[in-house]
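**Student:** Have a look at this one before I ask anything.
Coordinate-derived values only; no laboratory data. Keep in mind that this is a model prediction, so the values were computed, not measured. For neighbour counting, all protein chains shown are included, and Cβ atoms are generated from backbone atoms with ideal geometry for every residue, glycine included.
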Amino acid sequence: MHVVHLTASTFFGGPERQMLGLGQHLPPPFTSSYVSFPEGGRCSGFLEKVREAGFPATQLTADTPQVSTAVAELADYLRATRAAVLVCHTFKPNVLGRMAARRVGIPCVVVSRGWTWENLKVRVYEALDRVNLRFVDHVVAVSEGQAVRVRKAGVPSTRMSVIRNAARLGAFASPDAAYLTRLRSFFPDDTAVSHIVLAAGRLSPEKGFNVLVESAATVLKQNPTAAFVLFGEGAERAKMEARVRELGIGWRFAMPGFTENLDKFLPWADVAVLPSFTEGLPNVALESSAAGVPVVATAVGGTPEVVADGVSGLLVPSGQPGRIAEALNRLLADEGLRSQLGTAGRERMLAEFTFEAQAAKYAELFERLTRQRRAK
């Protein structure tokens, strides 16, 4: 059974790792291929990773606003590869993929990872996406928290499932000490860094990194030898950099930009922090736990499904820098607690968030949908 993943990826991030991980763990007789809209050529980074992993990767030539041409091209690809199921990721693939799958007569599955409300344009797209979900064959929500939103969008429970994101446990088996050196290199040579707090994500309002800056200032008053590293890019960068300068914490708050090697850096963090206002099921929390790193996170969306409060990390309310700072200070002061929560987090990933378990659920879903389609 051939499964085609359709995306509009512009870099290799958390969702892309999930897509590729699923293809790598689906058992025979399943096969997988990946297709992306061109996005001005920016899709090449993800597609190259797909090819390196040994899967077929195709860049479509047509893109919006050439909707009819793009749908026809995608439909031709689905026919040529004898696709049994089309799996769509993000708004544009969700809409155009549904149209192409219907033209070919195969099930269309949409993976709903969350809505960000990042800006007006994104809010319009996400509103349209919620309408579109009502007409696809099946919606997979990545968390129970996201499933609530999908139901509110009008998708009946009979046409949706919850299949959680998975943690890449093997990625953290042999940490490379060179990445600890690189982490420390983000700070001046004449400063002694005792602990590193790591965060990563898109620098946009819903991720709450502006709140993290305020928390960092409080933490550094109590722990002046601690340091913060925030990986990511986005519209909030300039505002955040200005606030870091205003607070006088630039010597301890590094923003090195986006990295494809987050999994190399994570094992060397003392604590990972997620200050989000909204989440589907955060990959950073999954991978931090898989790396044995305790997590401080806001109790939003699907995050409490990953981070068990007081067991594998600490959960706090969103938008409250003081509460985040309090939790960080607690962990930075207690090496035994950090070790206890980190170990419990990795054990939880092994028990509940493996790609093998995720792939088994997707395989069952794909088989059921194709049987239903044949019956029709």
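**Student:** Okay, which of the stretch 157-200 sit inside 15 Å, backbone N to the point 7 Å along the Cα-Cβ direction of Thr225?
**Tutor:** Within reach of a label on Thr225: 190-197.
**Student:** Given the rule -39500 (n - 2.57) for each run of at least 4 DSSP H residues, summed and divided by the residues of the chain, what is its mean residue ellipticity at 222 nm, to the nearest 500 deg cm²/dmol?
**Tutor:** Details: 15 runs with 170 residues, N = 376.
The per-residue figure over the chain is -14000 deg cm²/dmol.
**Student:** A further question follows. Springs between alpha-carbon atoms under 10 Å, Gaussian network over the chain: tell me which of Ala357, Ala167, Ala216 tops the mean-square fluctuations.
**Tutor:** Ala357
**Student:** While we're looking at this one, here's another question. Taking the Cα centre as origin and putting +1 on Lys and Arg beta-carbons and -1 on Asp and Glu beta-carbons, what dipole magnitude results for the chain, to the nearest 20 debye? Intermediate results must be reported in sequence, preceding the final value.
**Tutor:** Details: 43 positive and 36 negative charges, 292 e Å.
Dipole of the chain, to the nearest 20 debye: 1400 debye.
**Student:** Mind giving me the FRET efficiency for Gln320 and Arg368? R0 is 30 Å, r the Cβ-Cβ distance, nearest 0.05 is fine.
**Tutor:** FRET efficiency, Gln320 to Arg368: 0.10.
**Student:** Spelling out what I want: for every residue of the stretch 167-180, take phi, set θ = phi - 60°, compute 6.51 cos²θ - 1.76 cosθ + 1.60 (Karplus), and round to whole Hz; glycine and proline get x.
**Tutor:** With coefficients 6.51, -1.76 and 1.60, one gets 9, 8, 4, x, 5, 10, 5, 9, x, 9, 4, 4, 7, 5 Hz.
**Student:** Please work out whether the stretch 169-352 counts as rounded, prolate or oblate from its C-alpha gyration tensor, where a ≥ b ≥ c are the square roots of the eigenvalues and a/c under 1.5 means rounded, while otherwise a/b larger than b/c means prolate and anything else oblate? The partial results should precede the final answer.
**Tutor:** Numbers: a/c = 1.39, a/b = 1.20, b/c = 1.16.
In terms of gyration-tensor shape, rounded.
**Student:** While we're on this one: Can you put Cys88, Cys108 in order, fewest other beta carbons within 10 Å first?
**Tutor:** Numbers: Cys88 27, Cys108 24.
Going from least to most buried by this count: Cys108, Cys88.
**Student:** I'd like to compare 314-321, 279-286, 178-185: which one has the highest average count of other Cβ atoms within 10 Å, and what's the full order after that? Display every interim value, and only then the final one.
**Tutor:** On the way: 314-321: 18.4, 279-286: 27.6, 178-185: 14.8.
Highest-to-lowest ranking by the protection proxy: 279-286, 314-321, 178-185.
**Student:** With everything on Cα atoms, drop me the angle between helix 120-132 and the longest principal axis of the chain, reported from 0 to 90° to the nearest 10.
**Tutor:** 40 degrees
**Student:** While we're on this one: For the chain, find the longest principal axis of its Cα atoms and tell me its angle to the long axis of helix 67-80, 0 to 90°, nearest 10.
**Tutor:** Once rounded, one gets 80 degrees.
**Student:** Calculate one ³J(HN,Hα) per residue across the stretch 47-54 by plugging θ = phi - 60° into the Karplus curve 6.51 cos²θ - 1.76 cosθ + 1.60, and present them in order as whole Hz with x for glycine and proline.
**Tutor:** 5, 5, 4, 4, 5, 4, 7, x
**Student:** Aspartates and glutamates near Lys92 by alpha-carbon distance under 19 Å, same-chain residues fewer than 8 away left out - which ones?
**Tutor:** Glu16, Glu39, Asp63, Glu73, Asp76, Glu118, Glu126, Asp129, Asp137
**Student:** Residues with amide H under 5 Å of Val109's amide H, sequence separation 5 or more or different chain, H placed in the peptide plane at 1.01 Å from N; which?
**Tutor:** Excluding prolines and chain starts, which carry no amide H, the hits are Leu86, Val87, Cys88.
**Student:** How do His2, His138 rank when sorted from fewest to most other Cβ atoms within 10 Å of their own Cβ? Please report the intermediate quantities before stating the final value.
**Tutor:** Numbers: His2 16, His138 22.
Ranked by crowding around the Cβ, least crowded first: His2, His138.
**Student:** Could you put Asp76, Asp189 in order, starting from the residue whose Cβ has the fewest other Cβ atoms within 10 Å?
**Tutor:** Details: Asp76 13, Asp189 6.
Arranged by neighbour count, lowest to highest, Asp76, Asp189 become Asp189, Asp76.
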